[in-house]
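Taken together, the values in this text are just the output of simple stated rules run on the coordinates, not laboratory data. These figures come from a predicted structure and were not determined experimentally. Cβ coordinates were reconstructed from backbone atoms using ideal geometry, including for glycine residues, and neighbour counts include every protein chain displayed.
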Amino acid sequence: MTKQTANITVDGGYQPATVVLTQGTPAELTFTRVNDAGCLDQVHSKTLCFSRALPLNQPQTVTVDTSQAGEFPFSCGMDMFFGKVVVKP
Ligand SMILES: [Cu+2]
């Protein structure tokens, strides 16, 4: 089965801030924090069930469940910066 992957650069926010995935295909998001400023050293999502520390310049990959379509937000540890995963049927 194919896999979807997306790279998100963490640099004072999430770039891109929206990731579009296809429902039913396994997916991985890789976060790479490249900027030491701010409080983006944690990323988490209640709806996607992940929480991960983001050491500077060390890509961190999380697996995303795409079994349900919808919009699933993620944010920094203090819920100040936001991104989202959009799972399309
Ligand atoms: Cu924050």
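Side notes on the structure shown:
- Straight-distance candidates among the lysines for linking to LYS46, with alpha-carbon spacing under 18 Å and chain neighbours fewer than 8 residues away dropped: LYS84.
- The lysines within cross-link reach of LYS3, meaning a Cα-to-Cα straight distance under 16 Å and a gap of 8 or more places when in the same chain, are LYS88.
- Whole-Hz ³J(HN,Hα) from phi, Karplus 6.51 cos²θ - 1.76 cosθ + 1.60, for the range 68-82, glycine and proline x: 10, 6, x, 10, 10, x, 10, 7, 6, x, 9, 6, 10, 10, 10
- Antiparallel bridges, percent of DSSP beta bridges restricted to the range 1-77 (to nearest 5): 65
- If R0 equals 22 Å, the separation of the Cβ atoms of GLN23 and LYS46 corresponds to a calculated FRET efficiency of about 0.65.
- Net charge of neighbours whose Cβ lies under 14 Å from the Cβ of ARG33, counting Lys and Arg as +1 and Asp and Glu as -1: -2
- Normalised by the number of residues in the chain, the average gap of Cα pairs under 8 Å and 6 or more apart makes the relative contact order 33 percent.
- 5 angstrom amide H check on PHE74, placed H, neighbours 5+ away: GLY83, LYS84, VAL85
- Amide H partners (placed H, <5 Å) of LEU21, local residues excluded: VAL86, VAL87, LYS88
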